[in-house]
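Step one of this worksheet: look at the structure below.
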Amino acid sequence: MARYVARRLLSGILTLWVIASLTFFLSRAIPGGPFDSEKQLPPAVLENLNKKYHLDWPIWKQYLDYMWRLIKWDLGPSFRYANQTVNEIIAQGFPVSAQLGLMALAVAVVVGISAGIISALRQYRWQDHLAMTLATVGFSVPSFILGSILIYIFSYRLGWLPASRWGTWDRAIMPVLALSAFPTSFIARLVRSSMLEVLQQDYMKAARAKGMPGYILIYRHALKNAILPVITFLGPLSAQILTGSFVIETIFAIPGMGRTFVTSIANRDYTLIMGVTMFYSVLLVAANLIVDLLYAVVDPRIKVAGGGE
Amino acid sequence: MKMRRLRALVASLAILTLVAGCGARTGDEGQQGSTGGPGGQQAAKQELVVNLGAEPPTMDPGLMEDHSSITVATNIFEGLTRLNPDGKYEAAMAESWETSEDGLVWTFKLRDGIQWSNGDPVTAHDFEFAWKRALAPEFGSPYAYQLYYLKNGEKYNKGEITDPDQVGVKALDDKTLQVTLEAPTPYFLSLTAFPTYYPVPKKVVEANPNWAAEAATLVGNGPFKIVEWVHNDKLVIVKNENYWDKDTVKLEKITFLMVPDGATNVTMFENGEVDVNLGAIPQADLPRLLASGDAKVTPQLGTYYYIVNTTKPPFNDVRVRKALSLAIDRKAIVENVTRAGELPAYAFVPPGIPDVSGDFRQNAGNYISEDMEANIAEAKRLLAEAGYPDGKGFPPAVILYNQEGAHQPVAEAIQAMWKQNLGITNITLQSQEWKVFLQTRHNLQYDIARNGWLGDYLDPMTFLDMFTSDSGQNDTGWKSKEYDELIATAKRSADPQVRMEAMHKAEKMLFDEAVVIPIYFYVNKFQEKPWVKGVLHPPIGAEDFKWAYVEAH
């Protein structure tokens, strides 16, 4: 186990290094720089700015400098937000995105799994049709449209909920709904199909024949197996959902990290692009590792003994 | 039928607003907003929620260059002068000033008893410190060039001299600031109202270089002071009791929000979650909101225009450029495409800038006729002369614009006008991401491109010196020694007669040579509840709430 984790950690670090290098060179390869605007800066002013942020250094020196600071997790100053460092911006944005993301994730898991189970057990009956119709809608309607429709109905028409911003529970309802629609639907469909598959298995029939009560049967035998694909999906989903959604955060004016990420690219805010990308990558690598370890716990068929398998 | 009548109604209302917009523009500088209108009782609760649309990237006056930062700074800082509701630059931190005979030395006397929001006195040393700091090369101020008017300012910023004491700003004592300029600058008092010219609290800044990052450490000297700043969410300012003119200030509190999405903004405004929306308004909703009075416009000192790559055939032929310009129906564009009360532009410098006497624009009149029929006939003649009768043989060309904003509909309208009026059929459109677009345009890798310019100060120069041969702003490829000489003459002289004459000649040259194709003059678009009074939406600079109040409703 320890050797397995060590090996996974090592490959994780390698992955992070590749991502960091690619992002570093790609972001600088896009035409346009951080200080371009409709009002062209005089060359002298531009030179001063480049000097201030070490953009006048040769690219290999900038790269080595950045890598060295990345190891210390010093992500540098933002070019756009002149008084803030990238570390500060992430520290402000991530908790908000994570809070929103965790709520959405909780909704997705609870509602998605329940709907999936009900659908599977009531296959081809109205419960199944209803759940799957909703799932298809949630699956195919983009979140920005869903968000706008929610605002239109609940803020504009009914006046029940504030249209945007963050901080109180009533402000969280619409963004959480909009953000969880896709993963909820996905999980519901996933659980339904794998449940149906599991329910056909011989051991289920055997268990039922032995007279095992229904809920134990469902919980202990069916669900435990049917949940595996959900866990696979949850890894990358968590990382993605926790780091924020640009669309949802823009529509609802939520001060999270998703908005920061996309605007940083438009601003060519190199350090901020790098910082947010690396933060996201670390989360993703970690989430995948945790999911793989969880498999071992949930699925007895998998043994993560290190070395020769 | 019903639909058509509705449309006619909307159109006529839009025209009404347009006319109203024009009305506001005549008058010397244009009265912006209504200050202390008759009848209105003040509400007990003097508080406003204002949407900025974006997080201010910085609150350090020396570093800021964008509109949302400048809007907040206008209300929590103050320069030597301040733009007042009559459109004049009035004494603010300065009480009075004198100018030397040659217009080069300005001596400002500061008011007695002016204080920072932490209670420290504002002194001439704070000004000297702020200006030298913004010019210091290692400080990296993007707007440092706004201080190039100061003697040796440019040299110091460029690193050609290293002694900051050679820069033309000196505190003679706590109350007296002596400023020495490179050249006589008649509009200097409009510059001293600009953030780069604001003072900063020397003691605070020296103790903590990152003083402007958070509300807790930020110290200002304006009508309001900052009390809370939750990044990307809200910024709260309250009335500053240490402000010298605090009796004028009626608002107790302003909460600035940073909601970026246009549709959300409109909903929040209609829900009453926001009193003033300075952020985005969806283009599709504008005509409706203007008609209902939920959106308003005021003139802005700016020009939306097209440029062509004058180094590339067929655009190197002045007759082609003139024909293209003449064949655009500017009135149709503002009435049917942009529809926010913009003024069609028949010249380059927008109205609202003073001449020796009167208005620079009105004195010069139009350089392009408003008579479309005559324009089209002339354009056809010129195009035929250039070898493309009825557009035949005109090489394929591309109109380049950026994705963000509503540039495509304008480009489509122009494409259609050139086709219909000149018979040019092979114009195509191409959009690029903002920064890519800027670079493509700057590198002259385009045929025809959109452009826009907002004035920095109240003088025609801010619209004219950008077309000199060595200007980084000149993306047309057009270079003229004669034009450079006219601009240099205007910059050297202190005589208003000489300056204005040279600038009128320069602007005329831009049209004799058809260097620019102006489309319309910009307007400020915003939403404001009817009970919000006295907010300044000036043609240059940012929204000022010093004179604003809430009417009982």
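The values are calculated or read from the model by the stated rules, or taken from the named source; none is laboratory data. Quick caveat: nothing in here was measured; it's all calculated off a predicted structure. So basically every Cβ, Gly included, is an ideal-geometry build from the backbone, and we count neighbours across all protein chains shown. Surface areas here come from the heavy atoms of the whole protein model, side chains and all, with no ligands, DNA or RNA. Shrake-Rupley method; radii C 1.70, N 1.55, O 1.52, S 1.80 Å.
Please list, ordered by first then second residue, the pairs with beta carbon atoms under 7 Å, 6 or more apart or interchain, first in the range A:4-25 and over 21 Å from residue A:274 (Cβ atoms), second among the β-branched types (Val, Ile, Thr).
Between residues of the range A:4-25 that are over 21 Å from residue A:274 (Cβ atoms) and residues that are among the β-branched types (Val, Ile, Thr), the close pairs are A:4/A:304.
So residue B:525 passes all but one of these: (1) of a type in the set (D, E, K, R); (2) farther than 23 Å from residue B:358 by Cβ; (3) open to solvent by 20 Å² or more (accessible area, probe 1.4 Å); (4) not in a strand (DSSP E or B). Which condition number does it fail?
Of everything listed in (1) of a type in the set (D, E, K, R); (2) farther than 23 Å from residue B:358 by Cβ; (3) open to solvent by 20 Å² or more (accessible area, probe 1.4 Å); (4) not in a strand (DSSP E or B), residue B:525 misses just condition (4).
Only helices (runs of 4 or more DSSP H) wholly contained in the range A:26-126 count here; list those with 1 or more residues that are touching an Asp or Glu at 6+ places or on another chain (Cβ under 8 Å), at the interface with chain B (Cβ under 9 Å from one of its Cβ atoms) and open to solvent by less than 60 Å² (accessible area, probe 1.4 Å).
Result: A:43-52.
Of everything in the range A:127-141 that's closer than 30 Å to residue B:271 by Cβ and in contact (Cβ under 8 Å) with a residue 12 or more places away in the chain, which residue is least open to solvent (accessible area, probe 1.4 Å)?
That would be A:138.
In this structure, does residue B:141 turn out to be of a type in the set (Gly, Ala, Ser), outside the structural domain of residue B:461 (by TED's automatic domain parsing) and assigned to a helix (DSSP H, G or I)?
no
Can you find a residue that is out of contact with any Leu (no Cβ under 7 Å at 6 or more places or on another chain), within 30 Å of residue A:50 (Cα to Cα), within 14 Å of another protein chain (Cβ to nearest Cβ) and buried (at least 18 other Cβ atoms within 10 Å of the Cβ) anywhere in the range A:274-296?
Yes, because at least one residue in the range A:274-296 is out of contact with any Leu (no Cβ under 7 Å at 6 or more places or on another chain), within 30 Å of residue A:50 (Cα to Cα), within 14 Å of another protein chain (Cβ to nearest Cβ) and buried (at least 18 other Cβ atoms within 10 Å of the Cβ).
Do you know which residues across the range B:251-277 are assigned to a loop (DSSP other than H, G, I, E, B), of a type in the set (A, V, I, L, M) and open to solvent by 10 Å² or more (accessible area, probe 1.4 Å)?
Within the range B:251-277, none qualify.
Sort out which residues of the range B:439-457 are touching a residue at least 12 places away in the same chain (Cβ under 8 Å) and assigned to a helix (DSSP H, G or I), and write them in order of number.
B:440, B:441, B:442
Which one of B:291, B:284, B:280 is part of a loop (DSSP other than H, G, I, E, B), farther than 23 Å from residue B:71 by Cα and open to solvent by 10 Å² or more (accessible area, probe 1.4 Å)?
Answer to the selection: B:284.
Can you tell me which residue within the range B:205-243, out of those that are more than 14 Å from chain A (Cβ to nearest Cβ) and assigned to a helix (DSSP H, G or I), is nearest to residue B:94 (Cα to Cα)?
Residue satisfying both the conditions and the ranking: B:206.
Any idea how many residues of the range A:222-257 are within 11 Å of chain B (Cβ to nearest Cβ) and of a type in the set (S, T, N, Q)?
1
Filter the range B:404-462 down to residues that are within 14 Å of another protein chain (Cβ to nearest Cβ), within 30 Å of residue B:186 (Cβ to Cβ) and in contact with a Lys or Arg (Cβ under 9 Å, 6 or more places away or on another chain) and give me whichever is most open to solvent (accessible area, probe 1.4 Å).
Checked the range B:404-462; the qualifying residue most open to solvent (accessible area, probe 1.4 Å) is B:454.
Note down all Cβ pairs under 7 Å where the first residue falls in the range B:146-170 and is in the same structural domain as residue B:493 (by TED's automatic domain parsing), the second is of a type in the set (D, E, K, R) and open to solvent by 10 Å² or more (accessible area, probe 1.4 Å), and they're at least six residues apart or on different chains.
Close Cβ pairs (under 7 Å, with a partner that is of a type in the set (D, E, K, R) and open to solvent by 10 Å² or more (accessible area, probe 1.4 Å)) do not exist here.
With the condition being within 26 Å of the chain's Cα centre (by Cα) and within 14 Å of another protein chain (Cβ to nearest Cβ), I'd like the helices (runs of 4 or more DSSP H) fully within the range A:139-220 carrying at least 2 qualifying residues.
A:143-150, A:169-199
Kindly indicate whether residue B:248 is in contact (Cβ under 8 Å) with a residue 24 or more places away in the chain, out of contact with any strand residue (DSSP E or B) (no Cβ under 7 Å at 6 or more places or on another chain), within 13 Å of chain A (Cβ to nearest Cβ) and within 20 Å of residue B:117 (Cα to Cα).
Answer is no for this residue.
Could you identify the single residue in B:177, B:104, B:135 that is in contact with a Pro (Cβ under 8 Å, 6 or more places away or on another chain) and away from chain A (no Cβ under 14 Å)?
B:104
How about the range B:365-380: which of its residues are closer than 20 Å to residue B:350 by Cα and not aliphatic (A, V, I, L, M)?
Matches in the range B:365-380: B:365, B:366, B:367, B:369, B:370, B:371.
A quick yes/no check of all residues on (1) hydroxyl-bearing (Ser, Thr, Tyr); (2) at pLDDT 90 or above:
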position: A:189; (1), (2): no, yes
position: A:192; (1), (2): no, yes
position: A:202; (1), (2): no, no
position: A:220; (1), (2): no, no
position: A:224; (1), (2): no, no
position: A:260; (1), (2): yes, no
position: A:272; (1), (2): no, yes
position: A:276; (1), (2): no, yes
position: A:288; (1), (2): no, no
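Do we find that residue B:371 is of a type in the set (Asp, Glu) and crowded, with 18+ Cβ neighbours inside 10 Å in this structure?
no
So how many residues does the range B:355-397 have that are touching a Phe, Trp or Tyr at 6+ places or on another chain (Cβ under 7 Å) and not acidic (Asp, Glu)?
Final tally of qualifying residues: 5.
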